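Written below as structure tokens is the structure these notes are about.
The values are calculated or read from the model by the stated rules, or taken from the named source; none is laboratory data. The structure displayed is predicted, hence computed values, not measured ones. No Cβ is skipped: glycine too gets one built from the backbone with ideal geometry, and neighbour counts run over all protein chains shown. We work out accessible area using only protein heavy atoms, side chains counted, and drop any ligands, DNA or RNA first. Shrake-Rupley method; radii C 1.70, N 1.55, O 1.52, S 1.80 Å.
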Amino acid sequence: MRLILLGAPGAGKGTQATFIKEKFNIPQISTGDMLRAAVAAGTELGIAAKKVMDAGGLVSDDIIIGLVKDRLQQPDCANGYLFDGFPRTTRQADAMKEAGVAIDYVLEIDVPDSAIVERMSGRRVHPGSGRSYHVKFNPPKVEGKDDITGEALVQRDDDKEETVKKRLSVYHDQTEVLLGYYGKWAESGQPGAPKYRKIAGVGPVEE
Ligand code: AP5
Ligand code: ZN
């Protein structure tokens, strides 16, 4: 199974990815998690990416496309993959098409902007795995601790209200166009076209 999860910042892509990757036994390729790992490791990429991420902007297409192409070479992608937070621009989507990266389903998680700021302000993450919780909507079993490792949860640096608003505007300017990109491709029924499903992201996580 080869999937793309599309949706605004805070729509619940990472949250749903946890279930989907287990169900299909496929790796989650989250470009955001990959960048945060580079930031934590203090690599050259991490240092450059942190500035962009903290400002709510997008890291350059060339860097991201390179990262994803390398990741797809790894053996665990043979059985499929789940893209989370990628592609985010038409250039990234075109690069995957040109490289012949197959996609079975594009799932759009639809959440109105009005719900996003509250989701982000209550989000807590486990840095090691990228697992997301919410203090109110999806609390961990023990406050402040990851359910699986028991390690401490933290707030993301880019979850400040001002940064969230900037990320939302970047989403509307540069990423939302991909809903039509994949929607039209799916409708064309061309060989190799993915199927497209829009899912309401406002119900409970399990739903
Ligand atoms: P990235 O990490 O991809 O962030 P994002 O797309 O902004 O999305 P989030 O991770 O914030 O949200 P999510 O949809 O995963 O929501 P979650 O499940 O956590 O990217 C970060 C940055 O890296 C970007 O800003 C950019 O700078 C850079 N970057 C990454 N990829 C890039 C690319 N391809 N190109 C260029 N730059 C790139 O849920 C959010 C909260 O809501 C949680 O607290 C959760 O518990 C809660 N929640 C989830 N579902 C529900 C529900 N149904 N009801 C109530 N609460 C819920
Ligand atoms: Zn995420």
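Annotations for the structure displayed:
- A search for C-beta distances below 7 Å between a residue of the range 46-62 that is farther than 14 Å from K160 by Cβ and any residue that is of a type outside the set (A, V, I, L, M, F, W, C) and near ligand 1 (Cβ under 7 Å from one of its atoms), counting only pairs 6+ apart in sequence or on different chains, returns L58/R88; L58/T89; D61/T89; D61/Q92.
- Considering residues of the range 35-58 that are in contact with a Lys or Arg (Cβ under 9 Å, 6 or more places away or on another chain) and among the hydrophobic types (A, V, I, L, M, F, W, C) only, the residue nearest to A8 (Cα to Cα): L58
- For the range 97-112, the criterion of a residue being open to solvent by 30 Å² or more (accessible area, probe 1.4 Å), away from ligand 2 (no atom under 16 Å from the Cβ) and more than 27 Å from Q190 (Cβ to Cβ) is satisfied by at least one position.
- G122 being at pLDDT 95 or above and either among the small types (G, A, S) or more than 17 Å from G201 (Cα to Cα) (or both): no
- Hits in the range 7-35 - residues which are out of contact with any strand residue (DSSP E or B) (no Cβ under 7 Å at 6 or more places or on another chain) and either under 19 Å from R197 (Cα atoms) or in contact (Cβ under 8 Å) with a residue 40 or more places away in the chain (or both): A8, P9, G10, T18, F19, K23, F24, N25, T31, G32, D33
- Leading residue by the ranking (most open to solvent (accessible area, probe 1.4 Å)) among those in the range 43-70 that are of a type in the set (D, E, K, R) and within 21 Å of R156 (Cβ to Cβ): K51
- Taken together, P140, P127 contain a single residue that is touching a residue at least 40 places away in the same chain (Cβ under 8 Å), out of contact with any Ser or Thr (no Cβ under 6 Å at 6 or more places or on another chain) and more than 9 Å from ligand 1 (Cβ to nearest atom), which is P127.
- Among the residues of the range 94-114, those identified as assigned to a helix (DSSP H, G or I) and either among the aliphatic types (A, V, I, L, M) or modelled with pLDDT of 95 or more (or both) are D94, A95, M96, K97, E98.
- The number of residues in the range 1-33 that are of a type outside the set (D, E), under 20 Å from L67 (Cα atoms) and open to solvent by less than 50 Å² (accessible area, probe 1.4 Å) comes to 14.
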